Amino acid sequence: MSFDLVAPYYSWLEKIAFGNALQRARTCWIDTIARPKRTLIMGEGDGRFLCELVRAFPKIDVDCIDASEAMLQLARARLRRLHPESFSRVHFICEDILKWSPRKSYDLLVTHFFLDCFPGRELQTVIAKLAGAAKPGAVWLIADFTIPRKRFARAHARVWLRMMYTFFRVTARIAANDLVDPIPYLDGYGFIRASENLSRTRMLRSDVYVAAIGAR
């Protein structure tokens, strides 16, 4: 999986399809969490969330991992332009999470519009790895798509998701064919949802999970 092909156009594609809704979902809880000491951002993309994070919490240490070197280049350039004072504290790593192994522990994990790229078996592996990198009591911010319950909104969301999965299977070679609910896996690794917010006709969700101390 790599978003190299769409990286130069990704922010425009996102704005055409959703306006600023995805960025609002990413940053929904950023000003409400405690200051993290060490942060892991997985699948950051072009750096828009990263810049908001260091704006809210200057001088934090961040590992920013993405399988797309083109996306990381955009994130580096954005950070250097907007928050040069934080540049030395952010470590950009080009790596596929399925091949990645955690070498550090983190008190903040971030996966925005990332977990939806994986089918069930791979998703379980991804969440297990990330859970293994979380300190007791760590916060996990997740923004992603979801399927609403109401009939019309549900049909609307399914049409959008079908188009997006078709597009990104071709352009980014994602393995998923449809949306897999990560909540059972998060529950299984001792993460408890502390806050949630639904938006865009309840098609987008922004969640705060917390690692239960002593759960694993």
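The single condition from (1) in contact (Cβ under 8 Å) with a residue 12 or more places away in the chain; (2) closer than 30 Å to residue 125 by Cβ that residue 82 fails is (2). Selection within the range 52-111: residues that are within 26 Å of residue 136 (Cβ to Cβ) and polar (S, T, N, Q). The member of this set that is modelled with the highest pLDDT is 111. Taking residues in the range 125-136 that are closer than 11 Å to residue 97 by Cα, and partners anywhere that are in a strand (DSSP E or B) and open to solvent by 40 Å² or more (accessible area, probe 1.4 Å), not one pair has Cβ atoms closer than 9 Å while being at least 6 places apart or on different chains. Screening the candidates 142, 192 for the property of being within 29 Å of residue 70 (Cα to Cα) and of a type outside the set (Lys, Arg) yields one hit, 142.
The rows are residues; the columns are (1) buried (at least 16 other Cβ atoms within 10 Å of the Cβ); (2) assigned to a loop (DSSP other than H, G, I, E, B).
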position: 135; (1), (2): yes, no
position: 142; (1), (2): yes, no
position: 149; (1), (2): no, yes
position: 163; (1), (2): no, no
position: 175; (1), (2): no, yes
position: 194; (1), (2): no, no
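Against the list (1) in a loop (DSSP other than H, G, I, E, B); (2) open to solvent by less than 10 Å² (accessible area, probe 1.4 Å); (3) free of Cβ contacts under 8 Å to residues at least 40 places away in the same chain, the condition residue 31 fails is (2).
Within the range 151-161, which residues are surrounded by 14 or more Cβ atoms within 10 Å (Cβ to Cβ) and not basic (Lys, Arg)? Selection gives 153, 156, 157, 160, 161. When residue 208 is tested against (1) open to solvent by 40 Å² or more (accessible area, probe 1.4 Å); (2) in contact with a Leu (Cβ under 7 Å, 6 or more places away or on another chain); (3) within 17 Å of residue 29 (Cα to Cα), exactly one condition is not met: (1).
The values are calculated or read from the model by the stated rules, or taken from the named source; none is laboratory data. Predicted, not measured: the structure shown is a model, and the values here were computed from it. Positions of Cβ are backbone-derived with ideal geometry, glycine not excepted, and every protein chain shown enters the neighbour counts. Quick note on the areas: whole protein, heavy atoms, side chains included, nothing else; ligands and nucleic acids left out. Shrake-Rupley method; radii C 1.70, N 1.55, O 1.52, S 1.80 Å.
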